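In what follows, a single structure is set out as structure tokens and then discussed.
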Amino acid sequence: MKEKIEKLIKLRKEAMLGGGEEKIKSQHDKGKLTARERIVLLVDEGSFSEIDMFVKHRTNDFGLSNQKIAGDGVVTGFARINNRPVALYSQDFTVFGGSLSEAHAEKICKTMDMALKIGIPVIGLNDSGGARIQEGVVSLGGYADIFLRNTLASGVIPQISAILGPCAGGAVYSPAITDFIFMVNNTSQMFVTGPNVVKTVTHEDVSFEDLGGAETHAVKSGVAHFTFETEIEVLENIRKLIDYIPQNWKEKSFEKSFDFNGDFTVAGLEEIIPDNPNKPYDMNEIINLILDDGEFFEVHKNYAQNLIVGFGRIGGLSVGVVANQPSVLAGVLDINSSVKGARFIRFCDAFNIPLLVLEDVPGFMPGTNQEWNGIIRHGSKLLFAFCEATVPKVTVIIRKAYGGAYDVMNSKHIRGDFNFALPSAEIAVMGPKGAVEIIFKREIKDSKDPADRLNKLLDEYIEKFANPYIAAERGFIDDVILPSEIRIKLINAFQLLKNKADSNPRKKHCNIPL
Ligand code: HXC
């Protein structure tokens, strides 16, 4: 027995080394951690149970028969994060560049299948040269097996991807189907075709980083939800994210213990909102005042910044925040912000995370650029997502709620459960100036002093319509609340709605405008 135990220990030791000391050094020299070092940083100490450590590839072509490394380029298994179970896989770049063989894919699929059965999140740490070239179509099949599982698991268990090295070709579509993508500045890249192919086909000269680096995907494409300077920060922040989301679609929103006997008066909110409705302010300041401990975990921070989305807690309960940002493009809704909002809302709805909407929106962005690129199609995604969502939904109109955007931003009409407004709210078909110039066009033109007439009509319009009380008279607003009351109103609303039950008509699936 002793010898057998020693043999196992030796085999384990070999497997733990992956591609060997030299390759590990080369990985470190590139500023990257190894697959196993990443797992240690990601999960609770001592909680990782590895499976399939001894799996090897089955290829004998291209001299691979004598290069069979235990684990075959991916470490898979189960662990705990903040004491909650998760499934994970971590690609090992030291073994054939982390490339995906048939056996490598089978390991990932096995982990995902188990995660689905148990109902726990899957975290993929990606660092791979793509399909194992020597295996040809077999490795392509392996990718397809993963894509299918990503799709079937979507909305059932949360799926999180970290890109910690190259992720090229069709390989990008597995992370793309998952719920959240994390990237590291300067060491991770995602692209469908690399710079060389780009040069051949479109004659563009572009670097790896410019084409598909973290900043590109965080700011321009919106592919990356989170970017950080180091891998360590990425792994820490995956742990944070896990703290806001449930294990699977059947669980309720994650709740932390909370003392309901405190004083929840909010001081200073009214000072953030300028008296002049055309002046911007930073919605983040309001978010910080509203959420428990002012803690906000922002998603897509650098993309479509005219809409803010992210997670926080209210009364201990995890909520998804969707807020217009008046300091960027006046908080207008455009194509990118609509798509960003819709995707976030659908994640929250799929996983029973209540929605808090903070509204200050002058409408949808005008212009040929937006129209020709499909603001109608993309804007409808946001509308559709809000309409479809059956989780608790609470809106606070902070200032502007104009036009179609009033309807879209979780109005009462599309099943907002509690719709509050601050006294500063302006709920109207359009902004006062535009409205007056249209409905009093002739009167202004015919008057002796058009500018003076315009100002007088504007004052009358603002007095009459730019307030929350007409909507409140109709019951479209449940209550007009003081800024100081906002937190207690929201704590009470979300507590009350905890057991809310609502549903949509039975169907195969919806047909969201894509
Ligand atoms: C087999 C691979 C590999 C691959 C890298 N390696 N990619 N082996 N299949 N796809 C091996 C290298 O031969 C090398 O082995 C080791 O991994 C490290 O690679 P390097 O090139 O030395 O590393 P680096 O300079 O950091 O460059 C990394 C890289 C580059 C940018 C990823 O290796 C690369 O361009 N690889 C090919 C990428 C690619 O085109 N993949 C196929 C994409 S198509 P040795 O033994 O020398 O250390 C695809 C289809 C998926 O993936 C379709 C799904 C639908």
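Each value in this text was obtained by applying a stated rule to the coordinates, not by laboratory testing. Keep in mind that this is a model prediction, so the values were computed, not measured. When we count neighbours, we look across all protein chains shown, and the Cβ atoms used for this are built from the backbone with ideal geometry, even at glycine.
Shape summary of the range 189-343, radius of gyration then Dmax from alpha carbon positions: 19.2, 66 Å. Compared with the alpha-carbon gap, the fully stretched path from Asn511 to Ile9 is longer by 175.3 nm at 0.36 nm per residue. Relative contact order of the range 358-438, taken over Cα pairs closer than 8 Å and 6 or more residues apart, is 36 percent. The Rg/Rh ratio for the range 146-237 is 1.00, where Rg is the radius of gyration of the alpha carbons and Rh is the Kirkwood radius. Computed on the Cα atoms alone, the convex hull of the range 407-470 gives a volume of 86 cubic angstrom per residue. Percent of C-alpha pairs per 5 Å bin in the range 60-133, short distances first: 4, 16, 26, 22, 14, 10, 5, 3, 1. Above 15 Å lies some portion of the pair distances; for the range 1-75, what is it as a whole percent of all C-alpha pairs? So the pairs more than 15 Å apart make up 65 percent of the total in the range 1-75.
Here the relative contact order of the range 59-184, from alpha carbon pairs under 8 Å that lie six or more residues apart, stands at 23 percent.
Please state, to two decimals, what the Cα-based radius of gyration of the range 78-197 comes to when divided by 2.2 N^0.38 Å (N = residues).
On the way: Rg = 13.7 Å, N = 120, 2.2 N^0.38 = 13.6 Å.
That works out to 1.01 for the range 78-197.
Cross-link partners of Lys4 among aspartates and glutamates, defined as those whose alpha carbon lies under 18 angstrom from its own and excluding same-chain residues fewer than eight positions apart: Glu14. Report Rg/Rh for the range 254-399, rounded to two decimals, where Rg is the Cα radius of gyration and Rh the Kirkwood radius. Reported Rg/Rh, Kirkwood definition of Rh: 0.98.
Taking a straight Cα-Cα cut-off under 16 Å and skipping sequence neighbours fewer than 8 places away in the same chain, the aspartates and glutamates within cross-link reach of Lys220 are Glu209, Asp210, Asp334.
Suppose only helical runs count, i.e. DSSP H with n ≥ 4. What mean residue ellipticity at 222 nm does that imply for the chain under -39500 (n - 2.57) per run, divided by all residues and rounded to the nearest 500 deg cm²/dmol?
-11000 deg cm²/dmol
The percentage of C-alpha pairs in the range 388-514 whose separation is greater than 17 Å is 66%. Structure note, pairs Lys240/Lys400; Lys256/Lys508; Lys256/Lys393: Cα-Cα distances above 27 angstrom occur for Lys240/Lys400; Lys256/Lys508.
The percentage of C-alpha pairs in the chain whose separation is greater than 46 Å is 22%.
Greater than 27 Å separation of Cα atoms is the criterion. Which listed pairs, Lys250/Lys381; Lys13/Lys117; Lys2/Lys107; Lys68/Lys199; Lys32/Lys117; Lys10/Lys110, meet it? Walk me through the numbers before you get to the answer.
Working: Lys250/Lys381 25 Å; Lys13/Lys117 31 Å; Lys2/Lys107 30 Å; Lys68/Lys199 36 Å; Lys32/Lys117 33 Å; Lys10/Lys110 25 Å.
Result: Lys13/Lys117; Lys2/Lys107; Lys68/Lys199; Lys32/Lys117 exceed 27 Å.
Spherically averaged projected area of the convex hull of Cα atoms, the range 205-296: 10.8 nm². Relative contact order for the chain: 9 percent, from Cα pairs under 8 Å spaced at least 6 residues apart, divided by residue count.
Quick one: putting +1 on the C-beta of Lys and Arg, -1 on the C-beta of Asp and Glu, what dipole do you get for the range 454-514 around its Cα centre, in Debye to the nearest 20?
Working: 10 positive and 8 negative charges, 130 e Å.
With Lys and Arg at +1 and Asp and Glu at -1, about 620 debye.
Using the Kirkwood radius built from alpha carbon pairs, what does the Stokes-Einstein equation give as D for the range 295-344 at 10 °C and 1.306 mPa s, in µm² per second? Answer, rounded: 144 µm²/s. Applying 1/(1 + (r/R0)^6) with R0 = 45 Å to the Cβ-Cβ distance of Trp249 and Asp459 gives a FRET efficiency near 0.30.
Neighbour counts of other C-beta atoms within 10 Å: give me Trp372, Trp249 arranged from fewest to most. Show your work: numbers first, answer last.
Details: Trp372 8, Trp249 15.
In increasing order of surrounding Cβ atoms, one gets Trp372, Trp249.
With the Kirkwood sum run over all distinct C-alpha pairs, the range 311-383 has a hydrodynamic radius of 13.1 Å.
Cβ crowding within 10 Å ranks Leu289, Leu333 as Leu289, Leu333, fewest other Cβ atoms first.
For each of Asp275, Asp145, Asp446, count neighbouring Cβ atoms within 10 Å of the residue's Cβ, then give the residues from fewest to most. Could the numbers behind the result be given before it?
Working: Asp275 7, Asp145 16, Asp446 10.
Neighbour counts put them in this order, fewest first: Asp275, Asp446, Asp145.
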